[in-house]
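Encoded as structure tokens, the structure appears first; notes follow it.
The values are calculated or read from the model by the stated rules, or taken from the named source; none is laboratory data. Note that the structure is predicted; figures quoted are calculated from it, not measured. A quick note on method: Cβ atoms are made from the backbone with ideal geometry, for glycine too, and the neighbour counts reach across all protein chains shown.
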Amino acid sequence: MANKKDKNSNPAAENNKDSKENKKASTSDKIADLEKEISNTKYNKRTQFAVGLLKAKLAKLKEKAAGAGKGQKKGEGFSVRKSGDATAILLGFPSVGKSTLLNSLTNANSEIGHYAFTTLTCIPGTLEYNGAKIQILDVPGIVEGAARGTGRGKEVLQVIRNADLIIIVLDAFYPDHYDKIIREVREVGVRINETKPDVKIAKQAKGGIDVGYTVRLTRLDADTIKKMMNELGYVNASVVLREDIDADQLIDVVEANKVYTPAVTIINKIDIATPEQLHKFKTKNIGYNLGISAKNKDHMEELKELIFSRLSFMRIYLKEIGKKADMAEPMIVRSPCSLQNLCERIHKDFRIKFKFARVWGKSVRFDGQKIVKLDHMLEDEDVVELHLK
């Protein structure tokens, strides 16, 4: 019958669904409006306060939008077991040559094709260099809007949060890709080639926002910091800055969910690019580290050295008492590394049983120097002889 109600229909649920969609659309519109207002506002001393508040409001809206999407169905995702001494990820747009580069650097056999999205899953490979075993991951190429879920962008960008190094791969013919990649990476809370700001925030029972600083502040003043903290949900708190930070960095500290990861930027296909094409990267102030040809394996050794150094690896050679040092296979550690870090890396009991060490190398005044303190900092290619109780 025409007037008979569908037994599966639920007007209340449908109205609730419409309400949620309208709220979501409203939040998205507000985010877009704030982003436009911030981009159209020239930042200077006079607008510092206003821009700071706008960015704080934007951060709260994005947090709200992210919370609303937590109940949504998730994609398949990538499950990758970390291995080796560190993990690096190849990040770039489709067809920039990441799969070819993985095959040139490692023992992997990633499929190569002359079309976009050849790689549809995460392909691991192992780079062995200077005694280190570095896991290199080739993931599907990202596209603009990846952080919002375009393509398999969210899955790809979440993988980089667990990486020790990001290798940004650019196509020599598309310098505009760089800014887009950086924007997507920042959107998922990854800060490349940055360190965590030296700012301490502690909630208090009363007293409002108390701002203290040990350096001269040039990008934010105390009043702006107080208003931003209020906007970000703090009523009473102590804020101590030991670094001159901007509004974005303050928001990062408050949100406390950012990842700080080193990165290298390389330009692929330099074998077929013209000098004029490569010059565009300089005119756009893209500070790339190296130009390569993954296909011809040009500059692969320089790239391996670059990866090794950006991971802050150190080679420590261990020596048994009364024997020669094992110079064939170093222990790979990350800098900075103290004797205590080394002991803990070898065995959990070594720190407790430590008596002293004899050290040969750049970290001591003379070879074979006796070191009794665990806080002694080691340097690359030091030889260490541990004496235990």
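One table, with the values for the structure above:
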item	result
Tally of residues being surrounded by 16 or more Cβ atoms within 10 Å (Cβ to Cβ), of a type in the set (Gly, Ala, Ser) and closer than 18 Å to residue 136 by Cβ across the range 285-340	3
Residue within the range 357-365 that is of a type in the set (S, T, N, Q) and closer than 24 Å to residue 311 by Cβ present	yes
Checklist (1) at pLDDT below 75; (2) surrounded by 16 or more Cβ atoms within 10 Å (Cβ to Cβ); (3) outside the structural domain of residue 269 (by TED's automatic domain parsing) applied to residue 81, failing item	(2)
Residue match in the range 219-227 (condition: at pLDDT 90 or above, touching a Phe, Trp or Tyr at 6+ places or on another chain (Cβ under 6 Å) and not aromatic (Phe, Trp, Tyr))	yes
Index of the failed condition, residue 336 passing every other in (1) within 30 Å of residue 106 (Cβ to Cβ); (2) part of a helix (DSSP H, G or I); (3) free of Cβ contacts under 8 Å to residues at least 60 places away in the same chain	(2)
Residue 321, sole failed condition from (1) free of Cβ contacts under 8 Å to residues at least 40 places away in the same chain; (2) more than 30 Å from residue 135 (Cβ to Cβ)	(1)
Cβ pairs under 6 Å, 6+ apart, first in the range 181-206 and more than 24 Å from residue 32 (Cα to Cα), second of a type in the set (Asp, Glu)	197/243; 198/243
Search result, residues across the range 18-48 that are surrounded by 10 or more Cβ atoms within 10 Å (Cβ to Cβ), modelled with pLDDT of 65 or more, in a helix (DSSP H, G or I) and of a type in the set (Ser, Thr, Tyr)	26, 27, 28
Long-range neighbours under 8 Å by Cβ, at least six apart or interchain, first residue more than 11 Å from residue 172 (Cα to Cα) within the range 275-286, second surrounded by 12 or more Cβ atoms within 10 Å (Cβ to Cβ) and not acidic (Asp, Glu)	284/175; 284/178; 286/170; 286/175; 286/178; 286/265
Counted residues, the range 160-201 - those being hydroxyl-bearing (Ser, Thr, Tyr) and not in a loop (DSSP other than H, G, I, E, B)	1
